[in-house]
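This report refers to the structure that appears directly beneath it.
The values are calculated or read from the model by the stated rules, or taken from the named source; none is laboratory data. All values derive from a computational prediction rather than experimental measurement. Please note: Cβ atoms are built from the backbone with ideal geometry, for glycine as well, and neighbour counts cover all protein chains shown. Side chains included, ligands, DNA and RNA excluded: accessible areas come from the protein's heavy atoms. Shrake-Rupley method; radii C 1.70, N 1.55, O 1.52, S 1.80 Å.
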Amino acid sequence: MGISASKRVQRALNSSHEFNSACNSVYAEFLSLAQHAFAGVKPYQLFSATVHLHRTLSHSLPLISKWVPRCPDRVHVDRALKTVLSRRSEAAPPEEITLGESEFKEFALEVFRDAVVSNAGREVLKKVPLGVAGIAGVGVVVKPGKEVVAAAIGAYALAVATSIYLSLDV
């Protein structure tokens, strides 16, 4: 299948005009809301910014509308902030942390990539057991042999995983 699901989603978001435009717009809006008192977006603003981004992207970006039906929660936001801050060469005191425009985009990319991949993984975990149970049930009734049932289960699981993987760059 090539690249990992996470990299596939990241590439799709990075190349999306809608995603880049929404990030720039939300960043500017949150600077304006803080009356440009800071050099960037503060950590306490990030959850609200994520809600706003989700609202915007869920209407304009099929990848988000399909795989992120609800806004990422505070755990996703905190994890993404931690990841972005870990890439910095120097640590700033917590009260001085702000995200500039490029770091805000990195943050948004991290939050939504994580949310898409998590939800796609959950979907695989939901669909595969149901299909396997159905195939096994038919196998019990028809009695085609263990090898045929195992091959059908393997083919089904691969088809579900491939289908979901290929839909990650829509």
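Odds and ends about this structure:
- Spacing of the modelled spin labels on S118 and L158, each 7 Å from Cα toward Cβ, amounts to 3.1 nm.
- Subtracting the Cα-Cα distance of L33 and E18 from 0.36 nm times their residue separation leaves 3.2 nm of extension gain.
- A Förster radius of 25 Å, combined with the Cβ-Cβ distance separating S6 from R74, puts the computed FRET efficiency at roughly 0.75.
- Modelled label positions at L130 and A150, each set 7 Å beyond Cα in the direction of Cβ, lie 2.7 nm from each other.
- Once the 1.4 Å probe is applied to the protein heavy atoms, segment 18-71 comes out at 50 Å² accessible per residue.
- Segment 1-69: equivalent-ellipsoid semi-axes (sqrt of 5 x gyration tensor eigenvalues, Cα, Å): 26, 13, 11
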